[in-house]
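Structure first, commentary second.
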C-alpha cells in the first residue's frame with residue numbers, strides 16, 4: 001500500500017511539474033489565431049510545426065511502448081481489458097494523427113485517409129497478441145478516431161491549430177495514463193491469483 005501511495009504521489013508531482021513547465025506557454029498558444037496562424041503561402045507557423053513534430057514523436061513512442069507491453073502481458077489480460085486497450089489506443093492515436101493531418105493539409109479527404117489508415121494499423125497490431133476480436137475492435141475504433149480527427153483538424157486550421165493539437169495531446173496522455181493504470185491492475189490481479 002505504501003509503494004502505491006509513493007507511485008501515485010510521484011505521478012501527481014510529475015503532472016504538477018509539467019503544468020508549471022507549460023503554463024507560461026499557454027498564452028502564446030492562445031494568441032495564435034486568425035491571420036497569424038499561417039503565412040501567406042498557407043504553411044502553418046513554426047510553433048504549430050514544432051508542436052506537430054513533438055506530438056507525433058510522443059504518440060509513436062507511447063504506442064510502441066503499449067505494443068511491447070501488450071505482447072508481454074497479453075496472456076494475463078482479460079478479453080474485455082484487451083479490447084478496451086486496443087480500442088482506446090487506436091482511437092486516440094488516430095484522433096491525434098488525423099487532427100495533425102487536417103491542420104497540415106487543410107483538406108478533408110487526404111487527412112481522413114491518413115488518420116484512418118494509421119488507426120487501422122495501430123488497432124490491428126495492438127490486438128494481434130490478444131485476440132481477433134480485440135484486433136477488430138481496435139481497427140474499427142481507429143477508423144472512427146481517424147475520421148473525427150481529420151474533421152477536427154480541418155475545422156480548426158484557421159482558428160487555434162496549435163492549441164487544438166495540444167488539447168488532443170492532453171486527452172491522449174490522460175487516456176493513456178488511465179489505460180496504463182488498468183493494465184497495472186490486471187497485472188496485479190494476475191500476480192495475486194498466481195500466489
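A short reminder: the numbers here are calculations on the coordinates, not readings from a lab. Just so it is clear, the model here is predicted, and its values are computed rather than measured. Cβ atoms come from the backbone with ideal geometry, glycine included; neighbour counts cover every protein chain shown.
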Q: Rounded to the nearest 0.05, what FRET efficiency do residue 109 and residue 45 give with R0 = 30 Å and r taken as the Cβ-Cβ distance? Could you check?
A: 0.80
Q) Among 137, 159, what is the fewest-to-most ranking by other Cβ atoms within 10 Å? A) 159, 137
Q. Using the 10 angstrom Cβ neighbour count as an exposure proxy, how do 72, 192, 187 rank, fewest first?
A. 192, 72, 187
Q: First obtain the Kirkwood hydrodynamic radius of the stretch 49-194 from its Cα pairs, then insert it into the Stokes-Einstein equation at 20 °C and 1.002 mPa s, and state the resulting D in µm² per second as a whole number.
A: 142 µm²/s
Q. Once fully extended, how much extra length lies between residue 175 and residue 194, figured as 0.36 nm per residue of separation less the alpha-carbon to alpha-carbon distance?
A. 4.0 nm
